[in-house]
Amino acid sequence: MTPRTPFRRKASNPEGRMALLDHFKELRNRLLLAAAAVFVGLCVGWYYYEEIADFLMQPVVDVAEERGTELSINFGAGGVTQPFTIKAKIAAVVGVILASPIWLWQFWAFILPGLYRREKLIAFGYFLVAVPMFLAGCLLAIWALPTAVKTLLAAFIPEGGGNFTAAEPYFAFVGNFILWFGVAFLLPVVMVAINHAGLLSGRVMLKGWRWATVGVLVFAAMAAPDPMSMVTLTIPMMLMYFVACGIAMVRDKARRRKRPEWMDADADTASAL
């Protein structure tokens, strides 16, 4: 009788290879999990809708009290279904923010099977950084929201004038404002990840700072329509851009230090061996 080998049985798929159809199934499952997490967060936002709506409308109330003007938000300007639509949209934004750790993890988990063990640890590190960065961007937007509303209303409404703002476009502006800030704060994570993949060096990124500045300004103009909010978004984005360039350059230097000298030699140069 042949004795049993003491070694463990080899994994059936040690390299984590998948067929194309399996990739689509995996993507579908990840998207369903992300959608389920957003739905749970949406339910939380639905439950606390009144408190959240009051908080988001507070900047308009503050401007009205400060200027002594008649400012209000009209919830029924678009028809009888508009209050429901507004509530659903506010709850959806809350769901996306609360579920950000889940849907960000589903994105990273989708690419993990194709990575080696060390690369998986590094990708997990990117995830641990991406979540607080996204939430930090959302918090900065909430902090800058009163200034943005005050600038937009006070600059274009004369003293003593009134403004009846439709609720749906107002809350759409607030939701986009918060989410765009969150997405903007993912910029350095994406840049360092691109550098880690070997697609761009830190020096190349730094040389493109002029184009990056133009891109950041355009992005800030779309995300924050008033000057103060643009500045509030542009300054941290540019600081994070240069920090990401610095991290990428340090990584490039460490990578060159580990690289054998003979790999950078000219093809016509004789080897020391």
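No lab work stands behind these numbers, since they all come straight from the coordinates. The shown structure was predicted, so the numbers you read here are calculated from the model rather than taken from an experiment. Neighbour counts are summed over all protein chains in view; Cβ atoms, including those assigned to glycine, are modelled from backbone coordinates with ideal geometry.
Here are the numbers for this structure:
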quantity	calculated
Debye-sum result for segment 24-259 in log10 I(q)/I(0), which assumes one identical scatterer on each alpha carbon, at q = 0.11, 0.12 Å⁻¹	-0.69, -0.80
Close Lys-Lys pairs in segment 24-259, where close means Cα under 27 Å and separation is 8 or more or interchain	7
Stretch gain in nm, segment Tyr48-Ala221, where the contour uses 0.36 nm per residue and the Cα spacing is subtracted	59.2 nm
By average C-beta atoms within 10 angstrom, highest first, the peptides 85-96, 233-244	85-96, 233-244
